[in-house]
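Where a number appears in this text, it was derived from the coordinates with a stated rule and is not lab data. Since this is a predicted model, take the numbers as computed values, not measurements. We place every Cβ from the backbone using ideal geometry, glycine too, and count neighbours over all the protein chains shown.
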Amino acid sequence: MLSTADLTALLLTLKLAAISTLILLILGTPVAWWLAKSRWRFKFVVEAAVALPLVLPPTVLGFYLLLVFSPAGSIGGAYTALFGQSLAFSFSGLVIGSVIYSMPFVIQPLQNAFSSIGQRPLEVAATLGASRWDTFISIVLPLAKPGFLSAGILGFAHTLGEFGVVMIIGGNIPGETQVASIAIYEHVESMQIAQAHWLAVTLLVISFVLLMLVYAVNRRSGSNVMRV
Amino acid sequence: MSINFSFRQQHGEFDLELDHAIPGDGITAVFGPSGSGKTSLLRLIAGLDTVPDGRISYGVQQWQDESVFLETRLRDVGYVFQEPSLFEHLSVHENLAYAVKRASNKRDSKTQSAVYISYEHAVKLTQIETLLERDSASLSGGEKQRVAIARALCASPRVLLMDEPLAALDRESKQRILALIPVLSRDLSMPIVYVSHALDEVARIADHLLLIRSGRVLGSGDAQTMLTELDYPLAQSADAESLVEAVVAEHDTAFNLTYLDSKIGRFSVAKQTLSIGENVRLMLAARDVSITKDRQSGTSILNIFAAQVDAVVDTNASQVTVKLMSNGVPLLARITKKSASSLGLVTGDSVFLQAKSVALL
């Protein structure tokens, strides 16, 4: 059975994934739109930067974040001055780390969804008197709905599986930074194999169900928004 | 109110030099081969594309000049694209409602033109009453295109731009929409700019013709004249044809014929389901018109009319094109050089033309 500590770790993981995904959907939408529409010559630089977390060892990302978060660093220092606590080894720090770590999993499906809409529906809307903002709300958002679903689910699922980044910038503080993957690692380290099993199976089932949802959404919309 | 435009752009291999006016009434067909710049012109008129230093005005409204660029959404145009571009997440009714809701956005406060085409009117004109509750993705190509036209009308534009709207459709849908376009133009007194490279479509619906080739305007004028003008490529093409406006005069039940009166005389055609007094357009293919010096008596051909030779020009190694005038109506005949020589045709000759077949458009 899952212990209270395991449940706390699981709930913390879900909370982290939910908040990170929400932030990514909000921040990622304009970025994905720009990537889908821009004809800027050096767009590929931005695209590569967005994709970087796909290939970078999480420890590298974690290492640099730790430097930035440290109270001696500019961002970490400003945060400490404002809130009286350190960004490193805090839940807020984990959220920032997760947002960067899961960025390509949200932005790329959105970018693909926006690209596949094409220019024509936007032109039609313009000839019918719709402003750009109106067009985005009334045409782009509904047509990109499967893309948003995929992006949300993938971002969420990917954050659930985060380990290396958390390990470095979060540590292992129960209720604050001890997420499920870290708790499993702890159990294994201390030979609590049954406990590890329970948490592992829970994560496995959640992840599998989420991925099934992504593929079901893709199938229904007939598009291939999951080209990450 | 005419549309005046001037667009110039040197763009690699493609030079655009379009400087002309489109009449503010009737149907103007922008005709030319693929890649000649027809669609570019239409997109520039709508403001979907832009070239530096372009100028375009519609009546008193300046859409683009040195200091102004009116966005597409504010221009008084409706646009029907080549492929039916319905919003597939909306039903047919919702597609139309989308345009109705935003129709007032287009109204320029300076010109105060009112929303004047109602939803019901647009639906009726395009004959889509039975489609309203349908899913837009479930419609056939022709149905989608009729809905797209209705949607464009729902925005209450003053000018309707159509970019080869029939290119992707089957024959039956084409005929249905071709019949509908002149009705729209008349009923709403709306100028329509119709881009096409299909001569049969143009001959059927155009009042005016704007010929475009390689990004330049070759010429413009009323369709009847332009089709038969020997200086333009249409009259020299293999499908050269002449237009004759006619009125249904009477039906002959004994021989199953319909008689049509025109300026050049009475045509006999196979019996049609048309009412007496109805206006129709006849098309005479130049290759189906022959010329005789005297009126033939022992012939099976019914449609024989008196005419004068206006000009004779070489078309290819063996054929000439003869332009004839019959009571002010220009007509073309494509005959062999040998026939022209043995008839001794010269300008001003009185002759008779025989039309082997007549197409009712």
Can you tally the net charge around residue B:43? Count Lys and Arg as +1, Asp and Glu as -1, for every other residue whose Cβ sits under 11 Å from the Cβ of residue B:43.
-2
Counting only other residues whose beta carbon sits under 12 Å from that of residue A:156, what net charge do I get with K and R as +1, D and E as -1?
0
Counting Lys and Arg as +1 and Asp and Glu as -1, each charge on the Cβ, what is the dipole of chain B about the Cα centre in debye, to the nearest 20?
340
Given the peptides B:30-37, A:208-215, arrange them by the average over their residues of other C-beta atoms within 10 Å, most packed first.
B:30-37, A:208-215
Please work out the FRET efficiency for the pair residue B:237 and residue A:15, using the Cβ-Cβ distance as r and a Förster radius of 56 Å; give the result to the nearest 0.05.
0.15
Among B:280-288, A:136-144, the order from most to least packed when residues are scored by Cβ within 10 Å on average:
B:280-288, A:136-144
For residue B:350 and residue B:314, what does the FRET efficiency come to when R0 = 30 Å and r is the distance between their Cβ atoms, rounded to the nearest 0.05?
0.85
Where the Cα pairs of chain A fall when distances are cut into 10 Å bins, in %
8, 28, 31, 21, 9, 2, 0
I'd like the distance separating the alpha-carbon centroids of the range A:116-177 and the range A:199-216, in whole Å.
20
How many nm separate the modelled label positions at residue A:78 and residue B:222, each set 7 Å beyond the Cα in the direction of the Cβ?
7.3
Cα gyration tensor category, rounded, prolate or oblate, for the range B:1-43 with a/c compared to 1.5:
oblate
Run the helix sum for chain A: -39,500 (n - 2.57) per DSSP H stretch of 4+ residues, divided by residue count, reported at 222 nm to the nearest 500 deg cm²/dmol.
-24000 deg cm²/dmol
What lysines sit close enough to residue B:38 to cross-link, taking a C-alpha to C-alpha distance under 21 Å and skipping anything fewer than 8 places away on the same chain?
B:174
What's the average, rounded to a whole number, of partner chain beta-carbon atoms within 10 Å of each residue's beta-carbon in B:83-93?
3
Name all residues of the range B:191-206 having a backbone nitrogen under 15 Å from the label point set 7 Å from the Cα of residue B:25 along its Cα→Cβ direction, giving them as ranges.
B:191-192
Would you list B:63, A:198 from fewest to most Cβ contacts within 10 Å?
A:198, B:63
When the convex hull of its Cα atoms is projected in every direction, mean area for chain B (nm²)
20.9
Which distance in nm do the two modelled labels at residue A:132 and residue B:327 give, with both placed 7 Å along the Cα-to-Cβ direction?
6.0
Angle in degrees between helix A:193-221 and the longest Cα principal axis of chain A, rounded to the nearest 10:
0
Mind listing the long-range amide H neighbours of residue B:161? Cut-off is under 5 Å, sequence gap 5 or more, other chains count too, H placed in the peptide plane at 1.01 Å from N.
B:78, B:79, B:80, B:193
Taking r as the C-beta separation of residue B:296 and residue B:172 and R0 as 35 Å, the FRET efficiency to the nearest 0.05 is 0.35
Ranking B:336, A:202, A:127 by Cβ neighbours within 10 Å, fewest first, what do you get?
B:336, A:202, A:127
Once you list every other residue whose beta carbon is under 14 Å from the beta carbon of residue A:139, what net charge do they have if Lys and Arg are +1 and Asp and Glu are -1?
+4
Over what distance in Å are the Cα centres of the range B:81-106 and the range A:20-72 separated?
37
Over the whole of A:116-126, what's the average partner chain Cβ count within 10 Å per residue? Rounded to a whole number, please.
4
31 Å Cα-Cα threshold exceeded, pairs from A:43/B:106; A:15/A:43; A:43/B:101; B:263/B:337; B:124/B:271:
A:43/B:106; A:15/A:43; A:43/B:101
Given the options A:84, A:155, A:170, state which has the largest fluctuation in a GNM of chain A using a 10 Å cut-off (strictly under) for Cα springs.
A:84
Taking chain A as a Gaussian network, where each spring joins two C-alpha atoms under 10 Å apart, which residue of A:86, A:102, A:74 fluctuates the most?
A:74
Relative to the present Cα-Cα distance, how much length would full extension add between residue B:279 and residue B:134 at 0.36 nm per residue of separation?
48.7 nm
Arrange B:228, B:292, B:273, A:159 by Cβ neighbour counts within 10 Å, fewest through most, would you?
B:273, B:292, B:228, A:159
Averaged across B:72-81, how many Cβ atoms of other chains sit within 10 Å of each residue's Cβ atom?
4
Expressed as a rounded percentage, what relative contact order does the range B:212-292 have, with Cα pairs under 8 Å and six or more residues apart?
26
Dipole of chain B, positive end: most advanced residue of B:346, B:58, B:177 [Cβ charges, Cα centre]
B:346
Find the relative contact order for chain B and round it to a whole percent, using C-alpha pairs within less than 8 Å whose residues are 6+ positions apart.
16
